[in-house]
Amino acid sequence: MKIYVAHPDDIDAIAEIARASWEADYPNILNRESVESAVNDWYSREQLEEELTYPWTYMYVAAEGGEVVGFAHAVLAENEGNILRIYVHPDERRRGIGRALFDRIRHELIRHDIERLNAMVLSDNALGNEFYADLGMERDERAETIIGDERFEENTYVLELT
């Protein structure tokens with residue numbers, strides 16, 4: 001597996017992995033319209049191209065055999081790193097790809113002397129919550145997020161680095 005900085009040629013694969021992940025992870029949580037709205041807003045070509053140009057945004061992809069199988073997206077904010085997304089295509093899960101992406105993001109953000117690493121995941125996403133807990137992150141707080149026109153509870157996981 002190869003992990004590298006995402007570039008515009010990866011955008012279609014990133015969007016497809018996001019769509020497949022949302023459809024697999026949220027069938028009983030989000031309605032189809034909310035999934036479509038979020039994927040179209042957050043993973044559109046224009047949005048991802050813009051994200052790739054932000055100076056404090058980090059986006060990596062994992063590829064095997066020339067195919068993108070997962071991605072991670074994080075931002076640096078003062079003395080904290082925020083993991084916005086780590087998605088692995090549902091057919092490629094449970095093989096260490098998500099952990100490898102997490103390790104790459106963590107390594108990159110630590111280079112900026114952050115004190116803490118945060119990750120957000122919907123409270124009802126059992127797989128996502130398990131993933132961050134297995135990485136040694138602790139659930140810190142709950143908040144609300146809006147997807148489409150609906151409100152959802154979201155957990156923040158924290159890894160203190162100081």
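Every number here is computed from the coordinates shown, using simple stated rules; none is lab data. Fair warning: this is a prediction, and the values are worked out from it, not measured in the lab. Glycine gets a Cβ as well: all are built from the backbone with ideal geometry, and neighbour counts include every protein chain shown.
Observations on the model:
- Between the range 17-44 and the range 87-162, the Cα center-to-center distance that results, in Å: 17 Å
- Most mobile listed residue (Asp124, Asp12, Asp149) in the chain, GNM with C-alpha springs under 10 Å: Asp149
- Packing-based ranking of 16-27, 103-114, 137-148 yields 16-27, 103-114, 137-148, ordered from highest to lowest mean Cβ neighbour count within 10 Å.
- Full extension of the chain segment joining Arg95 with Thr162 gains 21.1 nm, where the gain is 0.36 nm per residue of separation less the Cα-Cα distance.
- Rounded, prolate or oblate (a/c below 1.5 giving rounded, otherwise prolate when a/b exceeds b/c) for the chain by Cα gyration tensor: rounded
- The listed peptides 49-58, 80-89, ordered by packing as a protection proxy, come out as 80-89, 49-58 (highest mean of other Cβ atoms within 10 Å first).
- Given their separation in residues at 0.36 nm each and the Cα-Cα distance between them, Val5 and Asn28 gain 5.0 nm when the chain is fully extended.
- Using the rule -39500 (n - 2.57) for each DSSP H run of four or more residues, divided by the residues of the chain, the 222 nm mean residue ellipticity is -11000 deg cm²/dmol.
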